Amino acid sequence: MSRDPTIMGLCGETRIANKADSWVTSIQVFEYYISHHMSKAFESIFGGVTCLPGCFCMYRIIAPKNGQYVPIICSTDIVESYCENVVDTLHKKNLLLLGEDRYLTTLMLRTFPKRKMVFVPQAASVCKTVVPDTFSVLLSQRRRWINSTVHNLMELVLIRDLCGTFCFSMQFVVFMELVGTVVLPAAISFTLYLIIISFFVTPVPIIPLLLLAAILGLPAVLISLTTRKMVYVGWMCVYLFSLPIWNFLLPAYAYWNFDDFSWGETRRVEGAVKGQQEDHGRKEGKFDGKEIVMRKFDEWAMHDRRVMEEQANSSTHVRNYPAIYYGH
């Protein structure tokens with residue numbers, strides 16, 4: 001980010017810490033791998049990664065422009081949209097209640113379409129996460145993720161200023177991702193149908209089967225070119241056997257529960273009643289910011305500098321922010 005001021009956000013790779021805990025965790029290993037080294041890596045070519053995971057990402061606070069510095073993540077447009085407290089439509093609820101990290105990425109791309117969101121596979125450190133180890137928890141997690149993805153892609157596909165032109169544009173990539181997500185159940189159904197009829201019809205549909213094998217086997221080439229850890233080929237085989245779960249069961253369940261905005265079994269809030277959802281559309285839920293001290297960005301920066309100086313610690317050296325941030 002220090003070398004390229006046009007980068008406003010980036011993320012590294014997230015890996016699974018509990019790979020062998022259960023069959024549920026084992027089918028997620030390769031899914032996490034391809035979501036980074038295929039999906040995010042391809043989106044990064046256009047500078048438009050559509051989701052920076054909240055567990056391992058970095059955003060730019062301010063960026064240089066024409067000899068001055070402009071706010072990025074603290075931009076008024078982003079803050080006002082992200083802090084919306086009255087959520088009263090199906091679309092808004094899927095955006096704001098199910099995947100706040102993805103929605104923040106969407107806001108950044110919508111506000112600054114000419115800037116970049118990138119994936120850094122060569123990150124020195126790798127984030128490790130504990131994934132759901134039971135199917136019920138995985139089901140509720142992916143319901144949130146899939147529904148949030150669909151609604152965020154609907155927002156992004158309307159942005160015309162993204163990188164590229166026509167079929168070679170980020171807008172077209174987003175459109176294909178949206179279509180691909182929606183038709184997953186139909187796609188896996190036709191795939192299974194093709195495999196089954198190949199045992200009963202003559203002549204055998206050789207060309208479609210070869211194309212299917214090539215598509216499913218391409219990730220093995222990706223493994224040899226990226227991590228070069230052949231153990232992922234084994235995880236790929238596990239993933240391929242679980243394709244009906246990923247491409248049919250989970251999307252179908254998510255679409256059937258489009259109006260479920262709870263976090264389900266993923267996180268439990270103490271005192272929460274199962275099956276009862278909070279009314280986020282209440283007008284009395286509007287945020288009251290009277291208690292917040294209002295200062296301009298430069299005033300907050302100068303205040304931060306004074307606090308750090310009182311602690312006898314050079315903020316400029318520690319954070320490496322430009323001097324303008326501290327009011328110099």
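Taken together, the values in this text are just the output of simple stated rules run on the coordinates, not laboratory data. What you see is a predicted model, and the numbers here were worked out from it, not measured in a lab. Virtual Cβ from ideal backbone geometry, glycine too; neighbours counted across all protein chains shown.
Would you mind checking which residues have amide H under 5 Å from G48's amide H? H placed 1.01 Å from N; only 5 or more apart, or other chain.
Excluding prolines and chain starts, which carry no amide H, the hits are M117.
I'd like the chymotrypsin sites (Phe, Trp or Tyr not before Pro) in the range 97-175 restricted to DSSP loop residues with at most 13 other Cβ atoms within 10 Å, sorted by number.
F166
So what J values fall out for the range 50-58 if you push phi through Karplus, 6.51 cos²θ - 1.76 cosθ + 1.60 with θ = phi - 60°, rounded to Hz, Gly and Pro as x?
7, 8, 8, x, x, 7, 7, 8, 9
Between 0 and 90 degrees, rounded to the nearest ten: what's the tilt of helix 184-197 against the longest Cα principal axis of the chain?
Result, in degrees: 20.
Using the crude model of +1 on Lys and Arg Cβ and -1 on Asp and Glu Cβ, and no other charge, please compute the dipole size for the chain relative to its Cα centre, in debye to 20.
So the dipole magnitude of the chain works out to roughly 640 debye.
Please list the non-local residues whose amide H lies under 5 Å from the amide H of I72, H modeled 1.01 Å from N, same-chain partners needing a gap of 5 or more.
Under 5 Å from the amide H of I72 lie the amide H atoms of I62, A63, each far enough along the sequence or on another chain.
With θ set to phi - 60° and the Karplus curve 6.51 cos²θ - 1.76 cosθ + 1.60, what are the ³J(HN,Hα) couplings of the range 78-85 in order, to the nearest whole Hz, using x for Gly and Pro?
Here the 3J(HN,Hα) series is 6, 4, 5, 6, 6, 9, 4, 10 Hz.
Checking a compactness column here: for the chain, what do you get for Rg(Cα) / (2.2 N^0.38 Å), N being the number of residues?
1.14
With the crude spin-label approximation of a point 7 Å out along Cα→Cβ, what separation in nm comes out for T134 versus C83?
3.9
Quick one: helix 231-241 against the long Cα principal axis of the chain, what's the angle to the nearest 10°, folded into 0 to 90?
The angle comes out near 70 degrees.
Once you put a point 7 Å from the Cα of N66 and another 7 Å from the Cα of S189, both along the Cβ direction, what distance in nm separates them?
With each label point 7 Å from Cα toward Cβ, the separation is 5.5 nm.
Given R₀ = 51 Å, FRET efficiency for A214-K290 by Cβ-Cβ distance, to 0.05?
Calculated transfer efficiency: 0.25.
Against the longest alpha carbon principal axis of the chain, how many degrees, from 0 to 90 and to the nearest 10, is the axis of helix 135-156 turned?
Once rounded, one gets 70 degrees.
Which Cys residues of the chain have no other Cys beta carbon under 4.7 Å away?
Flagged as lacking a Cys partner: C51, C55, C74, C83, C127, C163, C167, C237.
Mean separation of Cα pairs under 8 Å and 6+ residues apart, divided by the residue count of the range 7-266: what relative contact order is that in percent?
After rounding, I find 28 percent.
Evaluate the Kirkwood expression for the hydrodynamic radius of the range 1-78, namely the inverse of the mean inverse distance over all pairs of different C-alpha atoms, and round to one decimal in Å.
This gives a value of 14.7 Å.
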